[in-house]
Amino acid sequence: MRRNLIAWAVFIAAVAVLPWLGVSNDRYLMLLANVMLMFMTLALSWDVVARTGQLSLAHGAFFGLGAYGVAIAHRTWALHPLVGIVIAACAVATVALALGVVTLRLRGIYFAIATLAFAEVLRTVALQFPDFTGGTVGIAMPPLFDGDRVLSYYLIGAIFVLALATSLAVRWTRLHYAVTAIRANETVAQVMGIDVVRVKVVLFVASATLAGLAGAFYMPFITHTDPNDAFDIGRSVASLVFPIFGGLYTTAGPVIGTILMRSLEEYLRVTPPWKEGYQVVYGLVIVVAVLFMPRGLLGLVQDLRLKRPDRRWAWRFSR
Amino acid sequence: MEALPQTLLFGILRSGLYALTALGLAISLGVIGVVNFAHGEFVMLGAFIGFWLYLTLSGVSGLGPAVSPLVIVIGLPLSAIVLYAIAAGVYRFTLRPVLRQPELNQMLLTFGLSILAVNATSIVLSPQAKDANLAWRFDLLELDFVNVTFARIAAFVVSAVLVGATYLLLARTKLGKQMRAVAQNRLGAQIVGIPIDRVYEFAFGLSAALAAAAGVMLIFQTQVSPFLGLGTLLKSFSIVVLAGLGNLAGVIWASLLLGLAEQLVSQYVPGGAALRDGLFFVIIFLVLIVKPSGLRR
């Protein structure tokens, strides 16, 4: 645990000094860095729910809710984005609580269905109320920190650290045993005295709030959104593909998965014939990962490592 | 209230395709016990097969838009067979290996398949929605109290026949009885010697074939696009949840309820056209609060 803690401290330090390695003046690279941290937050937060064995298909929706929360708070009360982000996070937490309390006491199937339905209904309904959401035209707000992408980098960095801390906290406290038991068998977990529903709801709300924070950052950063963009199902997909690719139920997995997959996406989006259909790769990654590498890249690396000591021994003895 | 008979009729007609799609979903859920997030994509692929057939036939035959009956007669079996084959392959190579894995992995798999199918279709064909300029689409049947398009009637009749046939299959044939047995008690079914693996494969293929038929009938009413699956899937989900997961008998009533509710809301509630598309979620959410086991259980 201590070694991991040091490794994460080094990683955070590296993230913190990144803008000063000659990147801070390149607006495109800074955009990528901001967005990368944003997706890492999404991926980490999705994985926390997955640890309880639940499939959330609404993380893109909480993201969008956070985005619209900030935008509407700004338009209605002319609130500073930083205040708006807090309000948006509270709103997202409330919605997630309502959704979680109703669905998480039932079988996992219901939760998955309800989250997908929730995500889609937000998009269609938001489109139908242009007075509130701006309709297809969307809604705009002034840029965050007057467009300073280094400052915004540190803001999303702080949110990312929050997500990282949540993920590590679930791993390094008694919660880890609770979620592992729940994932293996809910009934048994219940018998062992774990308040299954409560653990699931608390982690879901925390996770949704983190996704909402990422969205609340996105809106003033990009300065414009509309229902089709804010509630894009592609973001829900991204937030689950990245952890699956990197390695489920870990903290490093979602981070590594995001860095690799998001870079690939950046390339595919501008390369025919993929373009908008680049998500076909996401579908492929999910299917292949579930079938052949359920523990993602990290699992693959671990398997290789476990095999290597044998060879090393053989090598030593042969001398 | 003159519009009431028309509204009710439209609601009932609307529920036909809903029942056809939801029945397939309920079968895969009830028999195999897997939530198929790719069910909407079966509908979408069926619709594209119908659309391709319409383009080919109307070109070859010179009939133009009047090719409708041919599209149905050839399209239904064709798309059903193709989708049955696709689904059987999907079952053998992807679904069967994860049947013993946690629920999360199963759901992830079908969700991944859905994304794969949508985006592959959008790359290979095109992301744009396409219109099939078929006869019947706007041709009105004028009765003394209502006007209905032939497309709606055709879709309802085909759905009713196929849903009826499926229930007959479930009630009377050996395979149908085996499917119901597996749905009731997996272990018991295995003990009495039912080849459970073959039943699963057939059930999954059947559910895809029903979806494909719904897809073909859909091209008479709406545009064909790679993205039409999600909305279809969610409405089917709301029906299946309303009927009670895996409860095959409740699907018809639940479809009628959704169809009528949607039609009534869009007709009588101010701003209802906006609310109509969100109704499926209201139903799911209410059922989960009030009676998660479904209305009739």
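A short reminder: the numbers here are calculations on the coordinates, not readings from a lab. All of these numbers come straight from a predicted model, not from anything done at the bench. Reconstructed Cβ throughout: ideal geometry from the backbone, glycine too, with neighbour counts over all protein chains shown.
Output ³J(HN,Hα) for the range A:281-289: one whole-Hz value per residue in order, computed from phi by the Karplus curve 6.51 cos²θ - 1.76 cosθ + 1.60 with θ = phi - 60°, and x for Gly and Pro.
5, 4, x, 4, 4, 4, 4, 4, 5
List, in order, the whole-Hz ³J(HN,Hα) value for each residue of the range A:251-258 obtained from phi through the Karplus relation with A = 6.51, B = -1.76, C = 1.60 and θ = phi - 60°; use x for Gly and Pro.
9, 6, x, x, 5, 5, x, 4
Using Cβ counts within 10 Å as a stand-in for footprinting exposure, how do B:Tyr84, B:Tyr268, B:Tyr18 rank, fewest first? Mind dumping the intermediate values first?
On the way: B:Tyr84 21, B:Tyr268 12, B:Tyr18 26.
In increasing order of surrounding Cβ atoms, one gets B:Tyr268, B:Tyr84, B:Tyr18.
How big is D, in µm² s⁻¹, for the range B:17-227 by Stokes-Einstein at 4 °C and 1.567 mPa s if Rh is the Kirkwood radius over C-alpha pairs? List each step's numbers first, then the result.
Details: Rh = 18.0 Å.
In µm²/s, the coefficient is 72.
Connecting C-alpha atoms closer than 10 Å in a GNM of chain B, tell me which of B:Ala26, B:Ala154, B:Ala274 has the biggest fluctuation.
Result for chain B, Cα springs under 10 Å: B:Ala274 fluctuates most.
With a cut-off of at most 11 other beta carbons within 10 Å, and DSSP calling the residue loop, which trypsin sites (Lys or Arg not before Pro) in the range A:145-189 qualify? Please list them. Could the numbers behind the result be given before it?
On the way: sites: A:Arg149, A:Arg171, A:Arg174, A:Arg183; in loops: A:Arg174.
Counting only loop positions with at most 11 other Cβ atoms within 10 Å, the trypsin sites (Lys or Arg not before Pro) in the range A:145-189 are A:Arg174.
Where in chain B are the DSSP H helices whose C-alpha atoms run 20 Å or more along the long axis and whose mean Kyte hydropathy is at least 0.5? Walk me through the numbers on the way to the answer.
Values: long enough: B:3-27 (36 Å, 1.40); B:39-61 (33 Å, 1.19); B:68-90 (31 Å, 2.19); B:103-124 (31 Å, 1.24); B:150-172 (32 Å, 1.77); B:196-218 (33 Å, 1.30); B:229-243 (21 Å, 1.71); B:251-268 (25 Å, 1.16).
Those that pass (Cα extent of 20 Å or more, hydropathy at least 0.5) are B:3-27, B:39-61, B:68-90, B:103-124, B:150-172, B:196-218, B:229-243, B:251-268.
Using the 10 angstrom Cβ neighbour count as an exposure proxy, how do A:Thr187, A:Thr103, B:Thr94 rank, fewest first? Could the numbers behind the result be given before it?
Working: A:Thr187 9, A:Thr103 27, B:Thr94 18.
The order, fewest Cβ neighbours first, is A:Thr187, B:Thr94, A:Thr103.
To the nearest 500 deg cm²/dmol, what mean residue ellipticity at 222 nm is calculated for the protein assembly as shown from DSSP H runs of n ≥ 4 alone, each contributing -39,500 (n - 2.57), summed and divided by the residues?
-24500 deg cm²/dmol
Got a sec? How would B:Ile194, B:Ile115 order by Cβ neighbour count within 10 Å, fewest to most?
Ranked by crowding around the Cβ, least crowded first: B:Ile194, B:Ile115.
Between A:Gly84, A:Gly22, A:Gly253, where does the largest GNM mean-square fluctuation fall for chain A, given springs only between Cα atoms within less than 10 Å?
A:Gly22
Would you mind counting up the charge near A:Phe63? Only other residues with Cβ under 13 Å from its Cβ, with Lys and Arg at +1 and Asp and Glu at -1.
Numbers: positive: A:Arg123, A:Arg235; negative: A:Asp229, A:Asp232.
The answer is 0.
Express the C-alpha Rg of the range A:168-234 as a ratio against the empirical globular expectation 2.2 N^0.38 Å, rounded to two decimals.
1.54
Please report, to two decimal places, log10 I(q)/I(0) for the range B:172-249 at q = 0.21, 0.23 Å⁻¹ as given by the Debye formula with identical point scatterers on the Cα atoms and no solvent.
At q = 0.21, 0.23 Å⁻¹ the computed log10 ratios are -1.03, -1.12.
Net charge near B:Gln178: determine it from the other residues with C-beta under 13 Å of the C-beta of B:Gln178, scoring Lys and Arg +1 and Asp and Glu -1. All intermediate terms of the calculation are to be shown ahead of the outcome.
Details: positive: B:Arg172, B:Lys174, B:Lys177, B:Arg180, B:Arg186, B:Arg198; negative: B:Asp197, B:Glu201.
So the surrounding residues net to +4.
Peptides A:38-51, B:69-82: what's the order by average Cβ count within 10 Å, highest mean first?
With the highest mean Cβ count within 10 Å placed first, the list reads A:38-51, B:69-82.
So if I take the centroid of the Cα atoms in the range B:1-52 and the same for the range A:184-225, what is the distance between those two points in Å?
32 Å
I'd like the mean, over residues of B:99-106, of how many other protein chain beta carbons sit within 10 Å of each residue's own Cβ.
Average neighbour count from other chains, rounded to a whole number: 5.
Among B:Leu245, B:Leu104, B:Leu260, determine the one that fluctuates most according to a GNM of chain B built with springs between C-alpha atoms less than 10 Å apart.
B:Leu104
Pop out the Kirkwood hydrodynamic radius of the protein assembly as shown from its pairwise C-alpha distances, inverse of mean 1/r, in Å to one decimal. Don't skip to the end; give the middle numbers.
Numbers: mean 1/r = 0.0389 Å⁻¹.
Value: 25.7 Å, from the Cα pair sum.
Out of every Cα pair in the range A:2-232, what percent are spaced more than 28 Å from each other?
The calculated P(r) of the range A:2-232 puts 34 percent of pairs beyond 28 Å.
Search the structure for amide H atoms under 5 Å from the amide H of B:Lys130, placed 1.01 Å from N in the peptide plane, and list their residues when 5 or more places away or on another chain.
B:Val224, B:Ser225
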